[in-house]
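Structure first, then comments.
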Amino acid sequence: MRIRSWLLLTLILSSMTVPALAQSVPANTVRTLLAAGRLASVVDTPLHFRLFAVRLPPTERVSYSGPNSVLYVLSGTLTVALNNTAQTVSDGAGAFIPAGRMAVFSATGAEPAHWLQFVLAPAAEVQKLLLGAPASVEELYRTPEPLPGLSAGPYEFSLTRVALPAGMPNNPPHYRSGAALYYVMAGSGTFIADGKTEPRKAGMPHFERSGWVHQWANPGDTPLVLLQANISEEGVPAVLSAAHPAVAK
């Protein structure tokens, strides 16, 4: 299945770029890749990140034929029918939904399905509704400007769950090679950039543009759990050490 093929490719590429990532990620940080897909181009039209919270009542279904997206199931059981193949996505799992294809989401359990959906929306579609009835949809975040610093060529679009350990000091300065939209799942931490230290708490979205040097810390006594929807150029690490300057694009 195509989703599984790209998930495997992303795992292989990640293993090839460990030295670059190790400079920014503490050894006891836990990263779990949940979904991944391939984007042929990210420069044909300006793109925005959008984040939605969706609730679908039990036994109901709804169709989606929008931009590239990744989703994460918060509770319940969601069945995703795509290309004549049905994939069951349970609590804590994710899936990649490619653009231009009709997907049908069904709440197949006894409880409502509740999920987060990260959408990479072309500027022309940034005002469009994500899903119709019977789904209940709340937009949690939208980038105010198109994503900067993107290059020609294929990109990877991935969803990763990251757990930063309790008591973690500021990690080394680093930056995104592409862009990432986060959702803070649990815990409370701090984000340091541009000479400012700001809190990041459960339920908050957070956006990181290309080349923005920053640090994370978790001074609390519980793990800081983050969902990261990331785009990065194929073969290029998603995260780079600030010791290596960004290449002008």
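Of note:
- If you go through segment 69-85 and keep only what is part of a strand (DSSP E or B), over 25 Å from PRO122 (Cβ atoms) and at pLDDT below 95, you end up with just THR85.
- Strands (runs of 3 or more DSSP E) completely within segment 179-223 that count 3 or more residues being more than 25 Å from GLU156 (Cα to Cα): 188-193, 196-201
- Segment 152-176 residues that are part of a strand (DSSP E or B), paired with ones that are of a type in the set (Lys, Arg) (beta carbon under 6 Å, 6 or more apart): THR160/ARG31; VAL162/ARG31
- Hey, ALA99 outside the structural domain of ALA229 (by TED's automatic domain parsing), out of contact with any strand residue (DSSP E or B) (no Cβ under 6 Å at 6 or more places or on another chain), surrounded by 16 or more Cβ atoms within 10 Å (Cβ to Cβ) and hydrophobic (A, V, I, L, M, F, W, C) or not: yes
- Per-region count, segment 86-139, residues touching a residue at least 12 places away in the same chain (Cβ under 8 Å), in a loop (DSSP other than H, G, I, E, B) and of a type outside the set (Val, Ile, Thr): 19
- Pairs are defined by a Cβ separation below 6 Å, a sequence spacing of at least 6 or placement on different chains, a first member in segment 29-54 that is outside the structural domain of SER232 (by TED's automatic domain parsing) and surrounded by 19 or more Cβ atoms within 10 Å (Cβ to Cβ), and a second member that is assigned to a strand (DSSP E or B) and among the acidic types (Asp, Glu); the pairs so defined are PHE52/GLU139.
- Residues satisfying the stated conditions in segment 204-222, i.e. closer than 20 Å to MET168 by Cα and hydrophobic (A, V, I, L, M, F, W, C): MET204, VAL213, TRP216, ALA217
- Taking segment 79-101 as the range and being closer than 30 Å to GLU145 by Cβ and of a type in the set (A, V, I, L, M) as the test, the residues that pass are ALA95, ILE97, ALA99.
The values are calculated or read from the model by the stated rules, or taken from the named source; none is laboratory data. Remember, predicted model here, so these are calculated numbers, not experimental data. Please note: Cβ atoms are built from the backbone with ideal geometry, for glycine as well, and neighbour counts cover all protein chains shown.
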